[in-house]
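**Student:** Here it is, the structure, as structure tokens.
The values are calculated or read from the model by the stated rules, or taken from the named source; none is laboratory data. Treat the numbers as computed from the prediction; the structure is a model and nothing was measured. With ideal geometry, Cβ positions are generated from the backbone for all residues, glycine too; neighbour counts draw on all protein chains shown.
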Amino acid sequence: MSDLLPYYKETLTKELVKKGVKNFKLSTNCNDSFEEVNFIIYSPVKKNGVKLNRDFSQFKNLKAVLSLYAGIEDFIGNKTLKCPLIKMIDKNGLTNSMIEWCLAHTLRLHLGLDRHILGQDGIWRHKIKPPIARDRSVGILGLGELGRPVSLFLKKIGFKIFGWSRTKKRIEGIRCLHGTSGLKEVLKKSEILILLLPLTEYTKFILNNYSLSLLPRRSQIINAGRGELIEDTALIENLRSGHILNATLDVFQQEPLPKEHPYWILPNVTVTPHIAADTPIESSSKVLAKNIKDLIEGKLPNGVVDLNRGY
Ligand code: NAP
């Protein structure tokens, strides 16, 4: 159930063989052989711009669905899925990619690099001194597989980090908060706010007019989670008023982001086309092969999704 399988076929075959998996066939076409399918490798496929809603019920011997991506909101509410869903946890590929993207944009916003990159206009702006990381507070919503390492790397550079998750956490050097009061505290402190939450019924539109109003004036937002975490009209209003200085957005309610969307035009918005974290074929094939091997041996791999919880 992924149109990416042709790209994966060679590398994934090699990795499965290396793991000792025998007698397998990788196929994108199982219309005549539903009963033979044990594992589905999934990435969303769109038809006429709409993601296909999958029916898993016809696969009577399905042992697991393995998502090529970390975001799994497509599966929520799909009653035909009765077997474990495994999301992609790829520390050597996807995670590193997200760390690099978040670090790059946090430093860019922190240092105000756009001023120099976009302002090659002959003016010698030497009086604007670069700030230093220890004087800057960064909030991170979501301290999971991606948010946690991002927060640790930013802490290493010296930023003051405030993290927020659903459950209580202890991460050395990071002020970890949870619950509604915790969210308020993180927002009030965040000069730069990074969104790395999954999209669930609780996180949808978590950044709205009220929550944006809690952020310090001239704070900056980085969204690498999902577009629906933000109420666009509220963010646009706050960007226009200057309460929010900049938004760097990788994910959108509609993707590709329509040409006429105000995000493309606002001078204080940077749009990137959902590329914060790529799933590289090499590293993710290794993960898929290990997960399939584990499942064949009756072990549950890392990344089993709790569909009731929503992530
Ligand atoms: P994860 O491991 O499931 O972590 C999710 C984090 O969010 C956890 O810390 C969780 O809290 C927290 N959380 C969930 N619901 C919450 C709530 N209601 N209140 C407070 N905290 C809540 O997910 P991940 O692998 O880090 O990925 C995060 C998201 O990044 C994905 O779901 C996907 O949408 C997005 N993503 C984007 C890209 C991209 O290219 N832009 C690539 C990959 C992933 P607990 O720790 O307490 O459970």
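**Student:** So which residues in segment 60-69 are of a type outside the set (Lys, Arg), touching an Asp or Glu at 6+ places or on another chain (Cβ under 9 Å) and surrounded by fewer than 22 Cβ atoms within 10 Å (Cβ to Cβ)?
**Tutor:** Let us first name the residues in segment 60-69 that are of a type outside the set (Lys, Arg), namely 61-62, 64-69.
Add one more test, that the residue is touching an Asp or Glu at 6+ places or on another chain (Cβ under 9 Å), and what stays is 61, 67.
Listed by number, the list holds a single entry, 61.
**Student:** Just for segment 71-106: of the residues that are among the hydrophobic types (A, V, I, L, M, F, W, C) and in a loop (DSSP other than H, G, I, E, B), which one is farthest from residue 290 (Cα to Cα)? Can you show your working first?
**Tutor:** The first filter runs over segment 71-106 and keeps only residues among the hydrophobic types (A, V, I, L, M, F, W, C), leaving 72, 75-76, 81, 83, 85-86, 88-89, 94, 98-99, 101-104.
When the remaining residues are screened for being in a loop (DSSP other than H, G, I, E, B), the result is 72, 76, 81, 83, 88-89.
Values: 72: 20, 76: 25, 81: 22, 83: 18, 88: 12, 89: 11 Å.
Ranking the qualifying residues of segment 71-106, first place goes to 76.
**Student:** Any residue that is of a type in the set (S, T, N, Q) and touching a Ser or Thr at 6+ places or on another chain (Cβ under 9 Å) - is there at least one of those in segment 132-146?
**Tutor:** Step one: list which residues in segment 132-146 are of a type in the set (S, T, N, Q), which gives 137.
Imposing the further condition that a residue be touching a Ser or Thr at 6+ places or on another chain (Cβ under 9 Å) reduces the set to 137.
Yes - at least one qualifying residue is present in segment 132-146.
**Student:** Does segment 35-59 hold any residues that are without any contact (Cβ under 8 Å) to a residue 60 or more places away in the chain, of a type outside the set (Ser, Thr, Tyr), buried (at least 19 other Cβ atoms within 10 Å of the Cβ) and part of a strand (DSSP E or B), and which are they?
**Tutor:** 40
**Student:** Report the residue count in segment 117-150 for those that are more than 16 Å from residue 187 (Cβ to Cβ), away from the ligand (no atom under 16 Å from the Cβ) and outside any loop (DSSP other than H, G, I, E, B).
**Tutor:** Taking segment 117-150 first, the residues more than 16 Å from residue 187 (Cβ to Cβ) are 117-135, 144-146, 148-150.
Pick out the ones that are also away from the ligand (no atom under 16 Å from the Cβ) and you get 117-135.
Still in the list and also outside any loop (DSSP other than H, G, I, E, B): 117, 133-135.
Of the residues in segment 117-150, 4 are more than 16 Å from residue 187 (Cβ to Cβ), away from the ligand (no atom under 16 Å from the Cβ) and outside any loop (DSSP other than H, G, I, E, B).
**Student:** Which one is nearest to the ligand (Cβ to nearest atom) among residues in segment 205-216 that are surrounded by fewer than 22 Cβ atoms within 10 Å (Cβ to Cβ) and part of a loop (DSSP other than H, G, I, E, B)?
**Tutor:** Top of the filtered list is 206.
**Student:** Name, by its number, the condition in (1) assigned by TED's automatic domain parsing to the domain that holds residue 101; (2) more than 11 Å from the ligand (Cβ to nearest atom); (3) without any contact (Cβ under 8 Å) to a residue 60 or more places away in the chain that does not hold for residue 246.
**Tutor:** (3)
**Student:** Condition first: among the polar types (S, T, N, Q), more than 19 Å from residue 199 (Cβ to Cβ) and buried (at least 17 other Cβ atoms within 10 Å of the Cβ). Now tell me which residues in segment 235-266 satisfy that. Step through it out loud before you land on a result.
**Tutor:** Our first condition is that a residue be among the polar types (S, T, N, Q); within segment 235-266, this holds for 238, 241, 246, 248, 253-254.
This time we only want the ones that are more than 19 Å from residue 199 (Cβ to Cβ), so: 238, 241, 246.
238, 246, listed by residue number.
**Student:** Further question: Spot the failing condition for residue 109; the list is (1) assigned to a helix (DSSP H, G or I); (2) farther than 21 Å from residue 251 by Cβ, and only one is missed.
**Tutor:** For residue 109, the exception is condition (2).
**Student:** Which numbered condition trips up residue 167, out of (1) closer than 22 Å to residue 97 by Cα; (2) of a type in the set (S, T, N, Q); (3) in a loop (DSSP other than H, G, I, E, B)?
**Tutor:** Just one mismatch for residue 167, condition (1).
**Student:** Another question, if that's okay. Applying the selection to segment 178-204, what residues are buried (at least 23 other Cβ atoms within 10 Å of the Cβ), part of a strand (DSSP E or B) and within 12 Å of the ligand (Cβ to nearest atom)?
**Tutor:** If the condition is that a residue be buried (at least 23 other Cβ atoms within 10 Å of the Cβ), part of a strand (DSSP E or B) and within 12 Å of the ligand (Cβ to nearest atom), then 194, 195 are the ones that fit.
**Student:** Now a separate question. Determine whether residue 291 is touching a strand residue (DSSP E or B) at 6+ places or on another chain (Cβ under 7 Å), among the polar types (S, T, N, Q), more than 14 Å from the ligand (Cβ to nearest atom) and part of a helix (DSSP H, G or I).
**Tutor:** Working: touching a strand residue (DSSP E or B) at 6+ places or on another chain (Cβ under 7 Å): yes; among the polar types (S, T, N, Q): yes; more than 14 Å from the ligand (Cβ to nearest atom): yes; part of a helix (DSSP H, G or I): yes.
In short, yes.
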